[in-house]
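S.K.: Next up is a structure, given as structure tokens.
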Amino acid sequence: MYSRVIGTGSALPERLITNDEFARILGEQGIETSDEWIRTRTGIEARRFCTPELGETTTSLAVAAAKNAVESAGIDPKTIDLIIVATTTPDMVFPSVACHVQVALGAQGCAAFDVQAVCAGFIYALNAADAMLRAGPYRRAVVIGAETMSRVLDMSDRSTCVLFGDGAGAVVLESSPNPGILAARMYADGRYGEEVLSVTAHINRGQLVGNPYIHMDGRQVFKLAVEGLTQSAREVADLACVRTEDVALFVPHQANLRIMSMVAKKLGISEEKMVKTVSEHGNTSAASVPLALDRAVRSGMVKEGELVLLQGVGAGMAWGSALIRW
């Protein structure tokens, strides 16, 4: 048995934050930046931030993306057996975002849990769902990446605050005898932990302890991301007995255009085959890959029978790839 993607969906907050607005925000603090400075280093032109007053949260985005995907798949939510949400910014310690999504979808009784692997979270969640559908007894799963990264941004740190955005993306998987997800692999190396990319804050007896904002060593992240993504793509291609050059649609983690382009070049994948939403969304962490995939599917970028490569990389460090026969 395999698992196949039969529906995709996405959701974004209303508020659009352009690079020019960031230049103004940082400029008021005496920190110089510009649209040109951000674009040339990251490829980002804008991103979306949630507005709590409008009821926009990680959960609301996850629910909207899931409903969008379920509608795309044309299934009854009562037939869903599994819901997995990848997020590093849940709205509360517990219950899980997945359980809240379950209620909103009307899929009570199915298994529901969250996965935390930061920007690699969707690949981890997809891999877990694929394994559970292959093994049974689960038949249908909704896999979601949802984040409100704006809540953990230090708006005085130019090196991180301009990079991230909020959003959610989702897919519906269904077990099938026909090839779908051909190979998926996850990796982590905890040696590259707090010093490379982290938010160390936690709650202790009602008090916030540690740094509640993102800390990142950009150069180290760049190096590790390129190495990890290139290696994992080659491994899943070998496992599926295909070549990376045969990939028809490349959906990398939308963190930095330079990283994306360098990995594509190393894999022999042309830029025309690469989905690029980073300019509009910024880095939406676990939501990045499913958001980009939904955009590609709805715009007709992928055809039945073609190979699709998905990749994620984030704090941990954690990374992974999934190769799909569409």
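The values are calculated or read from the model by the stated rules, or taken from the named source; none is laboratory data. Only a predicted model underlies this, so the values are computations on that prediction, with no experimental measurement involved. All Cβ positions, even for glycine, are placed from backbone atoms using ideal geometry, and neighbour counts span all protein chains on display. These area figures cover heavy atoms from the full protein model, side chains too; ligands, DNA and RNA do not enter into them. Shrake-Rupley method; radii C 1.70, N 1.55, O 1.52, S 1.80 Å.
S.K.: Roughly how many percent of the accessible protein surface of segment 4-84 is carbon and sulfur, given a 1.4 Å probe and a whole-percent answer?
M.R.: Carbon with sulfur: 46 percent of the solvent-accessible area.
S.K.: Same structure, new question: Applying 1/(1 + (r/R0)^6) with R0 = 45 Å to the Cβ-Cβ distance of Glu227 and Ser176, what FRET efficiency is obtained, to the nearest 0.05?
M.R.: 0.85
S.K.: Right, here's the next one. Leaving ligands, DNA and RNA out of it, report the carbon-plus-sulfur percent of the accessible area of segment 98-167 at a 1.4 Å probe.
M.R.: That fraction is 55 percent.
S.K.: Using Cα springs under 10 Å in a Gaussian network model of the chain, which residue among Gln220, Gln207, Gln116 shows the largest mean-square fluctuation?
M.R.: Gln207
S.K.: If we sort 170-176, 242-248, 51-57, 256-262 on the protection proxy, mean other Cβ atoms within 10 Å, highest first, what's the order? Please report the intermediate quantities before stating the final value.
M.R.: On the way: 170-176: 24.9, 242-248: 16.6, 51-57: 13.3, 256-262: 19.0.
In decreasing order of mean packing, 170-176, 242-248, 51-57, 256-262 become 170-176, 256-262, 242-248, 51-57.
S.K.: Mind listing the phi-derived Karplus ³J(HN,Hα) values for segment 249-254, rounded to whole Hz, using 6.51, -1.76 and 1.60 with θ = phi - 60°, and x for any glycine or proline?
M.R.: 9, 10, 10, x, 4, 8
S.K.: Rounded to the nearest 20 Debye, what is the dipole magnitude of the chain about its Cα centre when Lys and Arg each give +1 and Asp and Glu each give -1 at the C-beta?
M.R.: About 680 debye.
S.K.: Could I ask something else about it? Rg and Dmax of segment 215-280 over Cα atoms: what are they, in angstrom?
M.R.: 12.1, 39
S.K.: Taking one equal scatterer on every alpha-carbon of segment 234-318, how large is log10 of I(q)/I(0) by Debye at q = 0.14 1/Å?
M.R.: -0.45
S.K.: In addition: Between Met1 and Trp37, how high is the FRET efficiency from 1/(1 + (r/R0)^6) when r is the Cβ-Cβ distance and R₀ = 41 Å? Nearest 0.05.
M.R.: 0.25
S.K.: Considering amide H positions built from the backbone, and no H for Pro or chain starts, which residues 5 or more places from Ala112, or on another chain, come under 5 Å of its amide H?
M.R.: Ile83
S.K.: In sequence order, what are the phi-derived ³J(HN,Hα) couplings for segment 163-173 according to the Karplus relation 6.51 cos²θ - 1.76 cosθ + 1.60 with θ = phi - 60°, rounded to whole Hz, with x for glycine and proline?
M.R.: With the stated coefficients, segment 163-173 comes to 8, 10, x, 10, x, 8, x, 8, 9, 9, 9 Hz.
S.K.: If you don't mind, there's one more thing I want to ask. Sorted by mean Cβ packing within 10 Å, highest first, what order do the peptides 128-138, 18-28 take? Please report the intermediate quantities before stating the final value.
M.R.: Numbers: 128-138: 17.0, 18-28: 15.4.
So the peptides 128-138, 18-28, ranked by packing, come out 128-138, 18-28.
S.K.: May I pose another question? Keeping to pairs on different chains or 8 or more places apart, tell me how many lysine pairs in the chain have Cα atoms under 19 Å apart.
M.R.: 8
S.K.: Filter the chain for me: DSSP H helices, axial length by Cα at least 30 angstrom, mean Kyte-Doolittle hydropathy not below -0.5. List them by residue number.
M.R.: Working: long enough: 218-239 (31 Å, -0.02).
Correct list, ordered by number: 218-239.
S.K.: Please compute the modelled spin-label separation between Ala104 and Glu194, points set 7 Å along Cα→Cβ, answer in nm with one decimal.
M.R.: With each label placed 7 Å out from Cα toward Cβ, I get 3.4 nm.
S.K.: I've got another one for you. If you count only protein heavy atoms with a 1.4 Å probe, what accessible area per residue comes out for segment 110-212, rounded to a whole Å²?
M.R.: 42 Å²
S.K.: While we're looking at this one, here's another question. Can you list residues whose amide H is under 5 Å from Thr88's amide H, if they're 5+ apart or on another chain and H is modeled 1.01 Å from N?
M.R.: Ala286
S.K.: What does the charge add up to near Thr89, with Lys and Arg as +1, Asp and Glu as -1, over the other residues with Cβ less than 12 Å from its Cβ?
M.R.: -3
S.K.: List the residues whose amide H sits under 5 Å from the amide H of Met274, counting only those 5 or more places along or on another chain, with H placed 1.01 Å from N in the peptide plane.
M.R.: Those lying under 5 Å, H to H, from Met274 are Phe250.
S.K.: Same structure, new question: Expressed as a fraction of 2.2 N^0.38 Å, the rule-of-thumb size for a compact globular protein of N residues, what is the C-alpha radius of gyration of the chain? Display every interim value, and only then the final one.
M.R.: Details: Rg = 18.6 Å, N = 326, 2.2 N^0.38 = 19.8 Å.
Dividing the Cα Rg of the chain by 2.2 N^0.38 Å gives 0.94.
S.K.: Using only helices, what value at 222 nm comes out for the chain when you add -39,500 (n - 2.57) per DSSP H run of length 4 or more and divide by the total residues, to the nearest 500 deg cm²/dmol?
M.R.: -10000 deg cm²/dmol
S.K.: If you plug each phi of segment 176-190 into the Karplus form 6.51 cos²θ - 1.76 cosθ + 1.60 with θ = phi - 60°, what whole-Hz ³J(HN,Hα) values come out, in order, with x for Gly and Pro?
M.R.: With coefficients 6.51, -1.76 and 1.60, one gets 7, x, 8, x, x, 6, 7, 7, 8, 9, 10, 9, 7, 9, x Hz.
S.K.: Quote to one decimal, in nm, the extra length available between Ala201 and Ser299 on full extension: 0.36 nm per residue of separation minus the C-alpha distance between them.
M.R.: So the extension gain works out to 31.3 nm.
S.K.: Quick check for you: with a 1.4 Å probe and neighbouring chains kept, what is the accessible area per residue of segment 34-79, in Å²?
M.R.: Heavy-atom SASA per residue in segment 34-79 reads 48 Å².
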